[in-house]
1. Karplus couplings for the range 48-58 from phi (6.51 cos²θ - 1.76 cosθ + 1.60, θ = phi - 60°), rounded to Hz, Gly and Pro as x?
2. Which far-off residues, 5 or more places away or on another chain, put their amide H under 5 Å from the one on GLU116, with H placed in the peptide plane?
3. Under a straight-distance cross-link criterion of Cα-Cα below 24 Å, which lysines are reachable from LYS175, leaving out those fewer than 8 residues away in the same chain?
4. Amide H of ASN78: which non-local residues (sequence gap of 5 or more, or other chain) have their own amide H closer than 5 Å, using H built in the peptide plane?
5. Pull up the cross-link candidates among the lysines for LYS23, meaning alpha carbon to alpha carbon under 18 Å and not fewer than 8 places away within one chain.
6. Show me the ranking of peptides 175-184, 37-46 by mean Cβ neighbours inside 10 Å, starting with the highest.
7. Assuming a ≥ b ≥ c are the square roots of the Cα gyration tensor eigenvalues, decide whether the range 131-188 counts as rounded (a/c under 1.5), prolate (otherwise, with a/b larger than b/c) or oblate.
Amino acid sequence: MNPFFVRKAISLRARNFDSELSKVNDKLGNPINISVILVWRVKDTYRAAFEVDIFENFVRVQTDAAVRKLANMFAYDNFDDNESDVTLRSGMEEVNDNLEREVSERLHIAGIEVLEARIGYLAYAQEIASAMLRRQQATAIVAARMKIVEGAVWMVEEAINQLSKREIVHLDEDKKAAMVSNLLTVLCADKDASPVINTGTLNH
């Protein structure tokens with residue numbers, strides 16, 4: 001036996017790797033905190049032993065590099081339901097597929113097989129978290145208001161059409177404008193309207 005011969009055992013079992021929380025910038029330049037969960041195993045023992053120095057460290061470094069590249073490819077959120085762009089928050093399935101493919105390509109040289117790669121934690125960095133929360137709330141309020149106004153316009157149009165069709169009351173343009181203004185005020189108001197009873201005629 002060669003006295004300089006050294007035998008090294010390499011386990012072929014699946015392993016879990018939960019990366020440390022990394023602070024990176026997304027596609028729009030916003031700082032975010034992100035971490036990933038990686039399930040991997042050694043598939044080629046020769047490559048794991050001779051192609052890289054310490055394959056466990058290689059897995060950690062290359063996973064971190066893949067996460068940073070992934071974050072730069074997508075925005076955290078687009079704040080718009082009409083947008084079709086994939087984001088880190090809304091397109092989790094596609095994002096995870098990209099992450100798994102990127103990590104697999106990087107670890108192939110070391111004979112490592114990636115069984116699963118998923119984002120474990122995702123959030124805005126602390127310094128902008130409160131500002132982004134207010135932005136999300138404002139976007140939600142604007143979207144809700146748009147729905148309210150859209151519904152109110154439809155209801156006013158239906159009311160005028162039904163009054164004209166059934167000949168309940170004849171309205172000139174000025175009266176229609178007043179009616180539209182009053183109905184929109186009632187339907188779009190934040191608080192319940194206080195009715196005022198008109199004891200005179202429509203002209204007074």
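1. Going residue by residue, I get 4, 8, 10, 7, 10, 6, 10, 5, 5, 5, 4 Hz, with x marking Gly and Pro.
2. VAL39
3. Partners found: LYS165.
4. So ASN78 has HN proximity to no qualifying residue.
5. LYS69
6. Top of the packing list down: 37-46, 175-184.
7. Since a/c reaches 1.5 and a/b is larger than b/c, the shape of the range 131-188 is classed as prolate.
Where a number appears in this text, it was derived from the coordinates with a stated rule and is not lab data. This one's a predicted model, so the numbers in the text were calculated from it and none came from an experiment. Positions of Cβ are backbone-derived with ideal geometry, glycine not excepted, and every protein chain shown enters the neighbour counts.
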